[in-house]
Amino acid sequence: MATATNNDFFEALAALEKERGLPVDYLIEKIKAAIVIAVKKDYSVEDENVIVEIDPEKGMFRASLAQEIVEEVENPHTQISLEDARRTRKTSKVGQMFVTHLKTRDFGRIAAQTAKHVIRQGLREGERNLQYTEMQSRAHEIVTATVVSVDAERGNIVLDLGKGGSAVLPRGEQVPGETFREGDVIQVYVVDVAATDRGPRVTISRTHPGLVKRMFELEVPEIYDGTVEVKAIAREAGARTKMAVWSKNPDVDPVGTCIGVHGVRVEKIVQELGGEKIDIIRWNEDVTAFISAALSPAKVVKVELLPGENKSCRVTVPDHQLSLAIGNRGQNVRLCAHLTGYNIDIRPESGYYGEDTD
């Protein structure tokens with residue numbers, strides 16, 4: 001029969017499960033372990049001498065001390081004489097275990113404090129485990145977070161990730177030119193999640209190429225269902241991204257699919273990224289064709305793969321396309337190199353042929 005005290009106890013467990021998302025079974029295991037420690041400390045016994053039963057369905061919460069029945073008692077905590085045992089149970093025999101139900105007050109103040117401490121520790125551990133599980137399931141995903149504080153000196157931002165706890169967005173993982181204030185709601189990419197004693201350590205970024213890739217996966221159904229595949233992506237956050245796409249269905253244009261009718265799909269992502277330019281390129285298993293396409297918007301005359309272990313190539317472009325191919329401060333050719341995995345030497349058409357004839 002459940003007592004009022006037990007009812008309060010189980011109601012408290014249910015409230016913890018609801019409010020903190022901590023499963024009752026998990027809490028019960030932690031509380032059992034705490035009570036075992038408390039009884040062991042108070043009665044100087046071992047684990048096998050302590051029995052803890054907690055059953056929410058029956059409303060049962062009971063701690064007991066198990067003592068071995070002996071002819072002559074050497075340790076009064078772990079043993080009980082046959083004579084004393086038979087006063088309670090006439091059929092008792094030497095070698096059997098005699099179980100005595102303990103009253104809560106028998107634990108003593110120190111035991112109660114020990115139990116409370118272990119339970120509190122267990123709750124914190126449970127919350128950390130739940131946070132880790134929550135964030136691990138969102139690794140390589142985009143999460144919406146709230147700015148908690150901004151370190152004006154270092155430029156780092158502390159974000160509230162909801163059930164996933166909190167994380168720091170370092171200055172180096174922020175898009176140049178972006179500014180944030182306390183209370184702002186922003187999107188970040190979860191790069192990695194690691195378990196630590198203090199809870200999950202979540203690595204987040206707004207500059208990672210995965211952020212753009214995931215945005216396209218969410219915006220373009222054909223990428224989500226696997227018809228169109230993102231083969232490679234290179235990004236200089238806040239300025240430009242190059243993304244190579246391929247379709248396993250020859251009737252589906254991967255570039256057009258990502259751009260959308262009247263550019264609506266890519267434009268939505270450009271706006272979310274604060275105007276960052278996005279070049280969508282058709283991936284090609286022919287490396288020379290892929291490099292040529294990746295240098296878009298520049299036109300390419302010729303791509304030569306150079307011998308050697310280092311993946312390098314020489315690209316010839318029309319004279320008037322040279323600056324376009326290189327890009328502002330070398331950005332276009334740099335992104336092309338990251339996208340294709342090749343070191344790229346760009347030369348103007350006139351200069352190239354001039355060298356050939358020397």
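The values are calculated or read from the model by the stated rules, or taken from the named source; none is laboratory data. These numbers come from a predicted model, not from an experiment. Using ideal geometry, Cβ is built from the backbone for each residue, glycine included, and neighbour counts are taken over all protein chains shown.
Quick check on my filter: what residues within region 32-59 are among the aliphatic types (A, V, I, L, M) and either assigned to a strand (DSSP E or B) or on the phi > 0 side of the Ramachandran plot (or both)? Spell out the reasoning first.
Filtering region 32-59 for residues among the aliphatic types (A, V, I, L, M) gives 33-39, 45, 50-52, 54.
Across region 32-59, the qualifying residues are V50, I51, V52, I54.
Of all residues in region 52-68, count the ones that are under 28 Å from N129 (Cα atoms) and surrounded by fewer than 20 Cβ atoms within 10 Å (Cβ to Cβ).
The number of residues fulfilling the criteria is 8.
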Which members of region 261-275 meet the condition of being in contact (Cβ under 8 Å) with a residue 24 or more places away in the chain, touching a helix residue (DSSP H, G or I) at 6+ places or on another chain (Cβ under 6 Å) and either not basic (K, R) or not assigned by TED's automatic domain parsing to the domain that holds T227 (or both)?
I269
Output the residue which, of all residues in region 307-339 that are among the charged types (D, E, K, R) and assigned to a loop (DSSP other than H, G, I, E, B), is surrounded by the fewest Cβ atoms within 10 Å (Cβ to Cβ).
E309
Please go through region 216-239 and pick out each residue that is more than 15 Å from R265 (Cβ to Cβ), aliphatic (A, V, I, L, M) and out of contact with any Gly (no Cβ under 9 Å at 6 or more places or on another chain).
A234, A237, A239
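When you check P250 against the structure, is it modelled with pLDDT under 95, surrounded by fewer than 19 Cβ atoms within 10 Å (Cβ to Cβ), in the same structural domain as P221 (by TED's automatic domain parsing) and not charged (D, E, K, R), yes or no?
Spelling it out, P250 is indeed modelled with pLDDT under 95, surrounded by fewer than 19 Cβ atoms within 10 Å (Cβ to Cβ), in the same structural domain as P221 (by TED's automatic domain parsing) and not charged (D, E, K, R).
Yes or no, residue by residue, for (1) surrounded by fewer than 17 Cβ atoms within 10 Å (Cβ to Cβ); (2) touching a strand residue (DSSP E or B) at 6+ places or on another chain (Cβ under 8 Å); (3) of a type in the set (A, V, I, L, M, F, W, C):
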residue: H140; (1), (2), (3): yes, yes, no
residue: I157; (1), (2), (3): no, yes, yes
residue: V185; (1), (2), (3): yes, yes, yes
residue: F216; (1), (2), (3): no, yes, yes
residue: P221; (1), (2), (3): yes, no, no
List the number of the failed condition for G183; all other conditions in (1) more than 27 Å from L339 (Cα to Cα); (2) in contact with a Lys or Arg (Cβ under 9 Å, 6 or more places away or on another chain) hold.
(2)
Within the set of pairs 6+ apart or on separate chains, which have a first residue in region 75-103 that is within 13 Å of L65 (Cβ to Cβ), a second that is in a helix (DSSP H, G or I), and C-beta atoms under 8 Å apart?
H77/Y43; H77/N49; T78/N49; F98/A85; F98/T88; L102/V39
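Among R181, R120, R124, which is the only one that is over 20 Å from the mean Cα position of the chain (by Cα), assigned to a helix (DSSP H, G or I) and of a type in the set (D, E, K, R)? Before you say what the answer is, go through the steps one by one.
Numbers: R181 fails: assigned to a helix (DSSP H, G or I); R124 fails: over 20 Å from the mean Cα position of the chain (by Cα).
Just a single option satisfies the conditions, and that option is R120.
Just to check your reading of the model, which residue among T227, T179, T203 is β-branched (V, I, T), more than 30 Å from R282 (Cα to Cα) and surrounded by 15 or more Cβ atoms within 10 Å (Cβ to Cβ)? Break it down into steps so the answer makes sense when it comes.
Details: T227 fails: more than 30 Å from R282 (Cα to Cα); T179 fails: surrounded by 15 or more Cβ atoms within 10 Å (Cβ to Cβ).
Exactly one residue qualifies, and that residue is T203.
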Out of all the residues in region 140-166, which are among the hydrophobic types (A, V, I, L, M, F, W, C) and modelled with pLDDT of 90 or more?
I142, V143, A145, V147, V148, V150, I157, V158, L159
